[in-house]
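Here the structure comes first, spelled out in structure tokens, and everything after it is commentary.
The values are calculated or read from the model by the stated rules, or taken from the named source; none is laboratory data. In this text, all values refer to a predicted model and were calculated from it rather than measured experimentally. Neighbour counts run over all protein chains shown; Cβ positions are idealised from the backbone, glycine included. Surface areas here come from the heavy atoms of the whole protein model, side chains and all, with no ligands, DNA or RNA. Shrake-Rupley method; radii C 1.70, N 1.55, O 1.52, S 1.80 Å.
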Amino acid sequence: MQGSPMNGISEGLSPFRRFRNLLLGGLTGLFFFFAVSPLLLIVYVAWNQGRSALNWEFISTLPSGFPLGTEGGILNGIVGSLVLVVIASSLSVPVGIWAGLYLWQDGKSRQAGLVRLLSDLLLGVPSVVWGIVGFYVFSTSTGMGFHWGFSAMAGGLTLGFIMVPIVTRVTEQALRDVPMSFIEGSYALGATRWQTMRSVALPGAMAGIGTGILLGILNVLGQTAPLVFTNYYNTGLPSSLVGSQGAVGDLAMQIFIYVHEPSQLLHVKAMAASLVLLGIVLALDIGIRLMTWGSRKIAGRVG
Amino acid sequence: METPESVRQDIPKASEKAEGRLEIREEPDLAGRSERLFGWILKGGGLSILVLFGVVILVCLVAAWPSIHRFGISFLWSSTWNPNRKIFGAFPYLVGTLWVTGIALITSIPVAIFSALFLSDYAPSWLSGIVSTLMEMLAGIPSIVFGAFGITFMVPLLRDHLEPFLARTLGTRWDFFNGDPLGYGILAAGFVVGFMIVPLVATVTRDSLLMVPQEMVEASYALGATKAETVFFVKLREVMPGIVGSVILGFGRAVGETMAVLLLVGNQPSIPQTIQDVGYTISSLLANTFTYAVIDPLYAAAEVELGLILLVITLAVNTLGRELLLRLMGGRLAGSVGGG
């Protein structure tokens, strides 16, 4: 109390300034509460409306009944989301780390500056535009492209495109966080750049890169718009990954379709599915936070 | 300690030294070659980003070309959208997008800036970790969940309470606030998009607030300023470019929001006259009708051209915002990754 600048001078303040000080300070707290209230409201509303439909059967069975989905569960969505995330990661993790290594190694060069700019711009590309790109590259049946139709491969690789710049950005940052003295020490011992990268830089940055991958997965898990263009939806389990039978279900798509139906029962199912998606996303989020916190603590950078 | 004799004894062995030098000359050459090869392999990583960017631009340009060629620049202000007569104009969708984005920005900017101040200056230190986490978790909530929340919570709230209230109070003087209280419309979509961009704007603003030199804050206190005066008149003014940059990034995010808007905006290609009207945005039109449009090449091209307009807007806006923030913060551009 003694050392605080506020108390020291508050004696001679005019009532107006004292009032303004309290008012503005209080307003910041109030507006912060406004800002995070959607988080609390969304969790509350999803819990309140979806809880009744949420049980083990909901997670472990395929949708059935009429209209489809009023009975049964969301197994197709869970499996499909998993398939899409695996496909997306298998494209974006190698490419993203590769590009991140380049940005780290080439550092301040003009070319690296351009690559960094483009990578940041790719982060901001709207998801519908990714959908269009994915459609014309993977799904379209005319012109150039892979002609895979609406399929898991098309949807997953489109999500992979979205993930690449995220993994790139975080990989570069994680590599920059490896102390320069480690890198210089490795070079001083006569190691080549490849050896330094393999045995010093990458192991040091592993936790950060892992965080980046999880962040990317977190981001693409909730993506719906690109899937409208490339994968759409399947009420069953996938039998192949490309072609006309290749579409998979997807949690986000499932919520979208259920919410669009004029059936109260499906809205309840949608809220329960939202609850599952929220649970996965928030658990991932907390996991990422614990990971960063843990790795910082190991590196001794947190007081 | 080496004696001079031993040194002198080493010198005459010229043949041995020459051999050694040969070997030494060989080695850096080999290493140099693998180093160069490694450098080229790494360059491929940079190239992959260039290629990805090129693919995005190229696909949009090529697929939109029939429409660009057919309608030219008047595509932007023609308001007829008739697939049967093959006449397409972007105006209603551009206006709808700007309405939703505008409402989102107006509602979210004050909330985001005050929250950023709370995060950086007002939250007590034991609380600051938790409140930052809450803010960043909000950024991770998927767009579709916001949309579902909007349908089950915001729409009834607007329909039964806020919109009748607006019509009763402000609406009696200005027609702008009047309208049918549907719940769905640009207001619902704008509010929900506003919720979604608050975390982005707030975290970027917070990061730029943390860059203000401590000396400046201390100088302000030394001149007798209160905490609020220091924070609002000194720090906030100092980071104005950062705030502008974060708002620009928020604009870029809001313009492209799709699923929540699609569920809430009402999807009517009319130009909104009042704040309670329904509308249609570029992104929601694309997500809603693109799969029907692909049957007709010109229809598809017109839709892709809308996507191209969206892409150009976001690229321009994000370049600008990034430039402002980089100048202020030098390198780290945190908080730019988030839900979609």
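Per residue, how much space in cubic angstrom lies within the convex hull of the C-alpha atoms of segment B:37-89?
About 91 Å³ per residue, rounded to a whole number.
Compute the distance from the alpha-carbon center of segment B:190-220 to that of segment A:221-288, in whole Å.
Measuring centre to centre over Cα atoms gives 34 Å.
Provide a whole-number value for the mean count of partner chain Cβ atoms within 10 Å of the Cβ atoms in peptide B:220-231.
Partner Cβ neighbours, averaged per residue: 5.
Tell me the Rg and the Dmax, in Å, that the Cα atoms of segment A:167-294 produce.
When restricted to Cα atoms, segment A:167-294 yields Rg and Dmax of 21.1, 69 Å.
Which Rg and Dmax, in Å, describe the Cα atoms of segment A:32-87?
Computed over the Cα atoms of segment A:32-87, radius of gyration and Dmax are 15.0, 44 Å.
Relative contact order for segment B:225-340: what is it in percent, counting Cα pairs under 8 Å that are at least 6 residues apart?
33
Rounded to the nearest Å, what's the spacing between the alpha carbon centres of segment A:68-103 and segment A:137-156? Just the number, please.
17
Taking the radius of gyration and the Kirkwood hydrodynamic radius from Cα positions alone, what is the Rg/Rh ratio for the protein assembly as shown, to two decimal places?
My calculation puts Rg/Rh at 1.04.
Averaged over peptide A:37-45, how many Cβ atoms belonging to another chain are found within 10 Å of each residue's Cβ?
So the per-residue partner count for this stretch is 6.
Using a 1.4 angstrom probe on protein heavy atoms only, which residues from segment A:214-248 are buried by at least 10 Å² of accessible area when all chains are present rather than their own chain alone?
A:L215, A:L218, A:N219, A:G222, A:Q223, A:T224, A:A225, A:V228, A:F229
Sorting check: for B:83-94, A:178-189, which peptide has the highest mean count of neighbouring beta carbons within 10 Å, and how do the rest follow?
Per-residue Cβ counts within 10 Å, averaged per peptide and sorted highest first, yield B:83-94, A:178-189.
Can you list the residues of segment B:293-330 whose accessible area drops by at least 50 Å² going from the chain on its own to the full set of protein chains, with a 1.4 Å probe?
The answer is B:R322.
Taking the Cβ of B:A219 as the center, what net charge do the other residues with Cβ under 12 Å away carry, scoring Lys and Arg +1 and Asp and Glu -1?
Result for the local shell: -2.
Just grab the label-to-label distance for B:L127 and B:K43, each label 7 Å out from Cα along the Cβ direction, in nm (one decimal).
The answer from the label model is 5.5 nm.
Picking from A:L278, A:L23, A:L218, which is most flexible by a Gaussian network model of chain A using Cα springs under 10 Å?
Most flexible of the set in this elastic network: A:L23.
Pairs of alpha-carbon atoms within less than 8 angstrom and 6+ residues apart define the contacts here; what relative contact order does chain B have, in percent?
25
By accessible area of protein heavy atoms, probe 1.4 Å, what ranking do A:Y102, A:Y232 get, highest first?
Reading off the accessible areas and sorting them downward yields A:Y232, A:Y102.
If you take all C-alpha pairs in chain A, what percent of them are over 26 Å apart?
59
Chains B and A: buried accessible surface, both sides, probe 1.4 Å, rounded to 100 Å²?
Chain pair B/A: roughly 7600 Å² of buried accessible area.
Give me the compactness ratio for segment A:55-141, meaning the Cα radius of gyration over 2.2 N^0.38 Å.
1.65
Say we join alpha carbon atoms closer than 10 Å with springs in a Gaussian network model of chain B; which of B:V255, B:V265, B:V111 then has the biggest fluctuation?
Judging by the Gaussian network model, the answer is B:V111.
Just to be sure I understand the curve: with the Debye formula and one point per C-alpha of chain B, what is log10 I(q)/I(0) at q = 0.09, 0.13 Å⁻¹?
Cα-only, vacuum Debye calculation for chain B: -0.64, -1.08.
With a 10 Å radius around each residue's Cβ, average the other Cβ atoms per peptide and rank B:288-296, B:235-243, highest first.
B:235-243, B:288-296
May I ask you to give the percent of accessible area on chain A that is carbon plus sulfur, with a probe radius of 1.4 Å?
68
I need two numbers for segment A:225-273: Rg to one decimal and Dmax as a whole number, Cα atoms only, in Å.
According to the Cα coordinates of segment A:225-273, Rg and Dmax are 11.8, 34 Å.
Roughly how many Å is it from the Cα centre of segment B:51-90 to that of segment B:291-327, as a whole number?
Between the Cα centre of segment B:51-90 and that of segment B:291-327, the gap is 10 Å.
Quick check: at a probe of 1.4 Å, how many percent of the accessible area of segment B:273-335 sits on carbon and sulfur atoms?
Looking at segment B:273-335 in its full context, I get 64 percent from C and S.
Find the accessible area per residue for segment A:56-299; the probe is 1.4 Å, ligands and nucleic acids are left out, and the unit is Å².
With all protein chains present, segment A:56-299 gives 39 Å² per residue.
Is there a quick way to get the dipole size of segment A:6-118? I mean about its Cα centre, with the Cβ of Lys and Arg at +1 and of Asp and Glu at -1; what is the value in debye to the nearest 20?
The dipole magnitude comes to about 660 debye.
Would you please give the FRET efficiency between B:A222 and A:S199, computed as 1/(1 + (r/R0)^6) with r the Cβ-Cβ distance and R0 = 41 Å, to the nearest 0.05?
The pair B:A222/A:S199 has a calculated efficiency of 0.20.
Helix hunt in chain B: which complete DSSP H runs extend at least 24 Å axially by C-alpha with mean Kyte-Doolittle at least 1.6?
Span-like helices, by this rule, are B:91-117, B:186-209.
What is the percent of Cα-Cα separations in segment A:78-119 that go past 18 Å?
In whole percent, the share of Cα-Cα pairs in segment A:78-119 beyond 18 Å is 42.
Give me the 1.4 Å probe accessible area per residue for segment B:174-254, excluding ligands and nucleic acids, in Å².
38
Starting from the Kirkwood radius over alpha-carbon pairs of segment A:107-163, derive D by Stokes-Einstein at 4 °C in a medium of 1.567 mPa s and give it in µm² s⁻¹.
Taking Rh from Cα pairs, D becomes 103 µm²/s.
Using a 10 Å cut-off around each Cβ of peptide B:149-157, what is the average number of partner chain Cβ atoms that fall inside?
5
Over the Cα atoms of segment A:136-184, each weighted equally, I'd like the Debye log10 I(q)/I(0) at q = 0.16, 0.24, 0.29 Å⁻¹, rounded to two decimals.
Calculated log10 I(q)/I(0) at the listed q: -0.58, -0.83, -0.97.
Which of these, A:T224, A:T142, A:T171, has the largest mean-square fluctuation under a Gaussian network model of chain A (Cα springs below 10 Å)?
Comparing A:T224, A:T142, A:T171 in the GNM, the peak value goes to A:T142.
So what does the Cα-only Debye profile of segment B:82-227 read at q = 0.09, 0.14, 0.15 Å⁻¹, as log10 I(q)/I(0), no solvent term?
The Cα Debye sum returns log10 ratios of -0.44, -0.86, -0.93.
Using R₀ = 45 Å, calculate the FRET efficiency as 1/(1 + (r/R₀)^6) where r is the Cβ-Cβ separation of A:S90 and B:T169; round to 0.05.
Rounded to the nearest 0.05, the efficiency is 0.20.
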